[in-house]
Amino acid sequence: MVTYNPLNALLIFLIIIVLVYLLFRPKKGWFWIVKNNYNTNEKTVVEDILKLLYHSENDGEIVTKSELTSKLNFKTNLIQNSIEKMISNHFIEVENEKIKLTNNGRAYALRIIRVHRLWEKFLAEKTGYDKLEWHERAEQKEHQLNTEEANLLAAQLGEPKFDPHGDPIPSQSGKMAILNGVPLSSLPIYTIGKIVHIEDEPEVAYKQILAENIHIGSHIKVLENNATRVTFYAEGEEFKLSPKVAENLTIDVIEKHHLDENKLVRLTNLKEQETATIIGLSKESRGESRRRLLDLGFVKGAKISIDLINPLKEPTAYLIKETSIALRNNQASNILIKKD
Amino acid sequence: MDTKVKSVCETCPQFNASGLKKLGVNTNNFDFVVALAGNPNTGKSTVFNALTGLKQHTGNWPGKTVTRAEGGFEYDHQKFKLVDLPGTYSLLSTSEDEEVARNFILFGKPTVTIIVVDASRLERNLNLVLQILEITENAVLCLNLMDEAKRNHIEINTRALARDLGIPVVPTSARFKKGIPELIQTISEIANNKIKCKPHRIKNIPKNIEKAVTKLSLEIEKEYPNIPNSRWIAFRLLEGDTQIINALKTGEFV
Amino acid sequence: MRNNNIEHILKLSKELRWEIGDDFHDSLAEGIYADAADLVSNSVTKDNSKSKLRLDTKIDKIVTSKTWGFPIMFLILAVVLWLTIIGSNYPSSLLAQVLLNDFHPLLKTFASNIGMPWWLSGFLIDGIYLAVAWVIAVMLPPMAIFFPLFTLLEDFGYLPRVAFNLDSLFKKAGAHGKQALTMSMGFGCNAAGVIATRIIDSPRERLIAIITNNFSLCNGRWPTQIVIATIFIGAAVPSSFSGLASLTAVIGIAILGIFFMFFSSWALSKTVLKGEVSTFNLELPPYRPPRFWQTIYTSIIDRTLIVLWRAVVFAAPAGAVIWLVSNIYIGNESVAAWIINSLDGFGFLLGLNGVILLAYIVAIPANEIVIPTILMLTVLVTGISGGHGAGVMFELNSANATGVILKAGGWTLLTAVNLMLFSLLHNPCSTTIYTIYKETKSLKWTTVATVFPIILGFIVTFLVAQIWRIF
């Protein structure tokens, strides 16, 4: 303790704190960067290239080698090596710089997509991770699970057909449900439809969709669509998006509709003294949380009314099947009702 | 079936009070295992205490009895071991409580399952009852808190309920020790095959699911003839329950 | 053959499930409730005209109202705490008198009469017996009052309304409203608070409640806070304010604990626990008159005695260790002195000293014996007169006399403040740690719950000490 001085001690402490922060801060921490680099091997690169090619070919685009290097965040020589390896494994064919998938390659790409979407489904159903994290985590996991593990996962999840964003999950044999729909931004006003897909990339747009509390599976009606704004009505509320963001919502247009969408509202719209009938749960309610709601009697046809308003506004206690059950607003917004 | 239930409800033989002994936690050498299931807040623990003479405390909450409590009673020279299962709203989910309750009824194969329900919240409670009746045949419905139901001006036609559910229904107010002798009598009669239960099976299921379940349960019955709950196992298989998949491989529930 | 059939069944179930699609569970749940509704319509009749205004509804409107909800809540909490503190005073001092002042010398005399060697009677009577007796005397009365009161409120059905009223505060910290109750329970005893988290049926929020329960100042720590505040903080202000100042300091520490509870709940939910499943539901059950005597009986049996027994089991070996470290010598110094010397440097950095750190290490089974251990060790290393010999914990009746010993041990106002902080922010007692392990069945979360508060304690006391010394 010869050199002890409280200022020095504080200084050393601060330096340690800064170091720990630099090492472990989310995403950009040095520790994570090193770990990610360590995990990036040829397999990851090959699989990411296959995925990119698959999506591009589905969209009718042709990919060249130079485009690959610009679109993927890997070193050029790593990509170069991977392409050669993929050619020798008959995953791709290259004709004048244009890269095409072989049948083998397509099957491989489908397998990766299956794992990715299954994992997103898993995160949504069985864990508490935030929606914003699903994609990033699935990007890592898709390179780690083998076919058998993926099949086991699928069985546990009840052989799901769609991932939480609405993308179809290829089955074990490569079967895939078909996703019908067009971007919201392309719809004329008064169109009625259902949100069947919410794109999670780019993150900025996705964040905005989440912040608006837009739910997959919602019935919508377009109220306004021009160069600056797309407005639509859904479940008792109005939503406004920029056309750019609206592109990320896929709508399945409904020609004939038997449900009067004006009467279908979220439970959060229920007022004291009103009574209502539950129409169902939104697709946005998932996993354990959804099961609990069903167990507690929040099922189609149940009568519901407000029992108690909270002194701090939230949660609200609802009277359902003779029992008072308190729900937070984010849960109540996932319950769809028709007021009596 | 109909007449059998009536015979319990209408012409209850004189309750053999001298034949009853509360055994507390002493559950050695029992003849029958009785499971006690029910929603939280239905007075399940009061029923447990009234049957065993124990003073187990569980509060006004779901999830108080996480561990299984056991007790016993003796009636007509037969010893019954009573297992108090965690109070749950359902058996379809993945929480620890539900797993304990579900596994005990399925794999523990209790001779009789007592299902305690709150008489003034019958509809909500039937959710659990109907699930249990898919798993086990021998059950009795303990229609508890009849005093509260009366105060809330609710009347229940127990005979119609017993007929529809296919199991005996015993109204009780365990707090005031009402109906407990009748409950014990009924348990004993089911255990000794004097009452045959023919439980209700879930009906309001969409056609495509019903078809799949029937197909699957037929296959299960081919492999395990005579099991009473092939339909429940089919439900669980479709749900992707890994425990059931493993049990199917080892034949644990035969 | 059989395996083939099973494989066939499993394959079939996979195919069927894929065909049914993602609505399977929903359809099943809805189907069961539809059946239930049919059954009920056949057998239940309800006279709605008479059941409009139930007593329940009236009570609920009051206890969750904007005007009355919070005052009623704080009033009840204050009454419960007041009854506990006032009510346990007398039995506690009686027990201390009988077990420590009367029975302990009696045992010692008896031991010497039957010719028991000094080391054996020291080990058994000064070590094990004294620690166990101390824990019982301090712990039993408040728990025997607090738990039954709490259980009565619980059985009546009031506590779920408290959770309902406070939920939105806890939601902001990523926690469940019911944590308000487990936290309150923690003011009685952290081990009981941890057991009480069973009422939280969401995995993430339950873990948060378990890990942060230690920030509730338990009844083993209140006496420490009061003694130290009286001696040092009360003395630092004009004597007419000393009572008020020390009371404010103690309550301030408890409130600081609540602040740390919210802060760490929030931090945990955003980091290590973000992947755990999180759900919310809160049933508000009907009010039911509690059965008074049965509740008293069962809550004493179920809660008080079980927790007390665990504490005793852990206190006994701790008493033995305390006696041994003070009486085994390496060279010219006792083991205790060696450890204290080597911890002094680190203790100084934290504004504490080696005696305090050693006391917290050996007194891990129960916070109740921290002050007696500190006093004994201080006398041991400073060599001043007082106490009853090496390894014999003691406490003094007057705060002044205690202060004299502590000041002889080099204590300053900073030491006192940091001890109060460290008493709030350190690892849970071993009874609680064991309970956490029993409840979580996870080594990982038990470790987090143990290490996290002590790291926080090191950081906070370190910062306070350095800043204090700069000014």
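The values are calculated or read from the model by the stated rules, or taken from the named source; none is laboratory data. None of these values were measured; they are calculated from a predicted model. In this analysis, Cβ positions are derived from the backbone assuming ideal geometry, glycine residues included, and neighbour counts consider all displayed protein chains. Just so you know, the surface numbers come from the protein's heavy atoms only, side chains and all, with ligands and any DNA or RNA stripped out. Shrake-Rupley method; radii C 1.70, N 1.55, O 1.52, S 1.80 Å.
Some points to look at:
- Some residue of the stretch A:254-277 being within 14 Å of chain B (Cβ to nearest Cβ), closer than 25 Å to C:Arg161 by Cα, assigned to a strand (DSSP E or B) and not hydroxyl-bearing (Ser, Thr, Tyr): no
- Screening C:Asn4 with (1) among the polar types (S, T, N, Q); (2) more than 7 Å from chain B (Cβ to nearest Cβ); (3) closer than 30 Å to A:Pro170 by Cβ; (4) open to solvent by less than 30 Å² (accessible area, probe 1.4 Å) gives one miss only, at (4).
- The residue pairs whose first member lies in the stretch A:52-63 and is more than 16 Å from A:Ile79 (Cβ to Cβ), whose second member is of a type in the set (Gly, Ala, Ser), and whose beta carbons are closer than 6 Å, counting only pairs six or more residues apart or on different chains, are A:Tyr54/A:Ala109.
- In the set A:His215, A:His197, only one residue is part of a loop (DSSP other than H, G, I, E, B), under 22 Å from A:Leu281 (Cα atoms) and either out of contact with any His (no Cβ under 7 Å at 6 or more places or on another chain) or open to solvent by less than 30 Å² (accessible area, probe 1.4 Å) (or both); that residue is A:His215.
The rows are residues; the columns are (1) within 15 Å of A:Ala302 (Cα to Cα); (2) touching a strand residue (DSSP E or B) at 6+ places or on another chain (Cβ under 8 Å).
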position	(1), (2)
C:Asn3	no, no
C:His8	no, no
C:Ser13	no, no
C:Trp18	no, no
C:Asp23	no, no
C:Asp26	yes, yes
C:Ala29	yes, no
C:Ala36	yes, no
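- Among (1) in a helix (DSSP H, G or I); (2) surrounded by 15 or more Cβ atoms within 10 Å (Cβ to Cβ) - the single one C:Trp293 does not satisfy: (2)
- Whichever residue in the stretch C:18-33 is within 21 Å of A:His165 (Cβ to Cβ) and modelled with pLDDT under 90 and, among such residues, is farthest from the other protein chains (Cβ to nearest Cβ): C:Asp23
- Output for the stretch A:218-253, where each listed residue is out of contact with any strand residue (DSSP E or B) (no Cβ under 8 Å at 6 or more places or on another chain) and assigned to a loop (DSSP other than H, G, I, E, B): A:Asn226, A:Ala227, A:Thr228
- Cross-chain or 6+ apart pairs with Cβ under 6 Å, the stretch A:1-23 first and within 11 Å of chain C (Cβ to nearest Cβ), then open to solvent by less than 90 Å² (accessible area, probe 1.4 Å) and β-branched (Val, Ile, Thr): A:Pro6/C:Ile470
- Inclusion of C:Arg288 among residues that are at the interface with another protein chain (Cβ under 8 Å from one of its Cβ atoms) and either closer than 30 Å to C:Lys171 by Cα or not in a helix (DSSP H, G or I) (or both) is warranted.
- Those residues of the stretch A:301-338 which are part of a loop (DSSP other than H, G, I, E, B), within 11 Å of chain B (Cβ to nearest Cβ) and open to solvent by 10 Å² or more (accessible area, probe 1.4 Å), in sequence order: A:Gly301, A:Lys321, A:Glu322
- Flag for C:Glu276 being open to solvent by 10 Å² or more (accessible area, probe 1.4 Å) and within 14 Å of chain A (Cβ to nearest Cβ): yes
- Top-ranked residue in the stretch B:135-165 [being under 11 Å from the mean Cα position of the chain (by Cα) and not in a strand (DSSP E or B); ranked as farthest from the other protein chains (Cβ to nearest Cβ)]: B:Asn138
- Of residues in the stretch C:296-306 being closer than 12 Å to C:Ile145 by Cα and at the interface with chain B (Cβ under 8 Å from one of its Cβ atoms), the one farthest from the chain's Cα centre (by Cα): C:Tyr297
- Long-range neighbours under 8 Å by Cβ, at least six apart or interchain, first residue farther than 17 Å from A:Leu152 by Cβ within the stretch A:108-127, second open to solvent by 30 Å² or more (accessible area, probe 1.4 Å) and in a helix (DSSP H, G or I): A:Ala124/A:Lys131
- Qualifying residue in the stretch C:52-68 (condition: at the interface with another protein chain (Cβ under 7 Å from one of its Cβ atoms) and either touching a residue at least 60 places away in the same chain (Cβ under 8 Å) or in contact with a strand residue (DSSP E or B) (Cβ under 6 Å, 6 or more places away or on another chain) (or both)): yes
- Scan of the stretch A:127-138 for residues that are more than 12 Å from the chain's Cα centre (by Cα) and surrounded by fewer than 17 Cβ atoms within 10 Å (Cβ to Cβ), ordered by number: none
- Hey, A:Glu203 in the same structural domain as A:Lys221 (by TED's automatic domain parsing), in contact (Cβ under 8 Å) with a residue 12 or more places away in the chain, within 24 Å of A:Ser333 (Cα to Cα) and not β-branched (Val, Ile, Thr) or not: yes
- Total residues in the stretch C:103-123, condition open to solvent by 70 Å² or more (accessible area, probe 1.4 Å) and either without any contact (Cβ under 8 Å) to a residue 24 or more places away in the chain or of a type in the set (D, E, K, R) (or both): 7
- Flag if C:Gly351 is crowded, with 19+ Cβ neighbours inside 10 Å, away from chain B (no Cβ under 14 Å) and outside any helix (DSSP H, G or I): yes
- Take the conditions (1) touching a strand residue (DSSP E or B) at 6+ places or on another chain (Cβ under 8 Å); (2) free of Cβ contacts under 8 Å to residues at least 60 places away in the same chain; (3) surrounded by 20 or more Cβ atoms within 10 Å (Cβ to Cβ); (4) under 30 Å from C:Met73 (Cα atoms); A:Leu267 misses just one of them, which is (2).
- Complete set of residues in the stretch B:174-209 that are of a type in the set (Gly, Ala, Ser) and within 12 Å of another protein chain (Cβ to nearest Cβ): B:Ala174
Conditions tested, residue by residue: (1) acidic (Asp, Glu); (2) buried (at least 24 other Cβ atoms within 10 Å of the Cβ).
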{"site": "B:Lys81", "(1), (2)": "no, no"}
{"site": "B:Arg102", "(1), (2)": "no, yes"}
{"site": "B:Ile114", "(1), (2)": "no, yes"}
{"site": "B:Glu148", "(1), (2)": "yes, no"}
{"site": "B:Ile167", "(1), (2)": "no, yes"}
{"site": "B:Pro171", "(1), (2)": "no, no"}
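- Restricting attention to the stretch C:169-179 and to residues that are open to solvent by 10 Å² or more (accessible area, probe 1.4 Å) and part of a helix (DSSP H, G or I), the residue that is nearest to C:Pro71 (Cα to Cα) turns out to be C:Leu169.
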